[in-house]
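Beneath this line is the structure, given in structure tokens, with notes to follow.
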Amino acid sequence: MVRIREAFPIDTEAIVEVTASGWRAAYPGIVPARHLRDLPISTWRHDVRSGLRAPEGDSFTRIADLDGVVAGYCYVAAPAGGEPEGSRIAELVAIYVEPAFWRSGIGRELARAAISEARERSYEEIVLWTFEDNRRGLAFYKALGWEPDGGRRPHRATGVSTVSLRRALA
């Protein structure tokens with residue numbers, strides 16, 4: 001049985017490992033191979049640890065704990081990146097599940113927890129960005145009520161095209 005819980009700095013390494021596994025399994029053919037080979041693990045480790053120690057605004061990270069194993073996580077920036085202080089728009093910045101647990105419902109539980117908590121914190125919308133060619137991810141988000149909102153930009157680290165999706169929380 002999966003338990004969704006708050007993430008703590010001690011979870012940093014597990015979060016980074018799940019992220020790396022997720023990138024390597026989900027993004028071949030979407031992200032250039034050199035980026036998958038040279039993932040910025042040390043940068044991720046630093047950013048995750050810092051964010052868990054001192055979250056900004058209403059931001060939060062939740063862990064999917066499966067019998068003591070970190071099976072996945074989600075990170076919500078609240079307010080969303082680029083939004084002014086006081087904005088009621090949150091952003092699902094990351095949601096990753098260890099590939100061995102894909103299609104087990106863990107991702108859905110994490111997304112529901114992110115939506116529920118953002119709503120409880122009085123956010124009105126939640127936005128996310130994903131690779132334009134991430135068909136699996138796009139189908140997952142659509143099934144949970146996110147819809148494309150026309151936003152497009154290159155991914156900062158890879159230059160690969162991304163699209164934004166949005167979901168009302170009210």
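Normalised per residue, the accessible area of segment 74-170 is 53 Å², obtained with a 1.4 Å probe and no contribution from ligands, DNA or RNA. Heavy-atom surface analysis with a 1.4 Å probe gives segment 107-146 a carbon and sulfur content of 43 percent of its accessible area.
The values are calculated or read from the model by the stated rules, or taken from the named source; none is laboratory data. Please read all numbers here as calculations on a predicted model, not as lab measurements. Heavy atoms of the whole protein, side chains included, go into the accessibility calculation; ligands, DNA and RNA do not. Shrake-Rupley method; radii C 1.70, N 1.55, O 1.52, S 1.80 Å.
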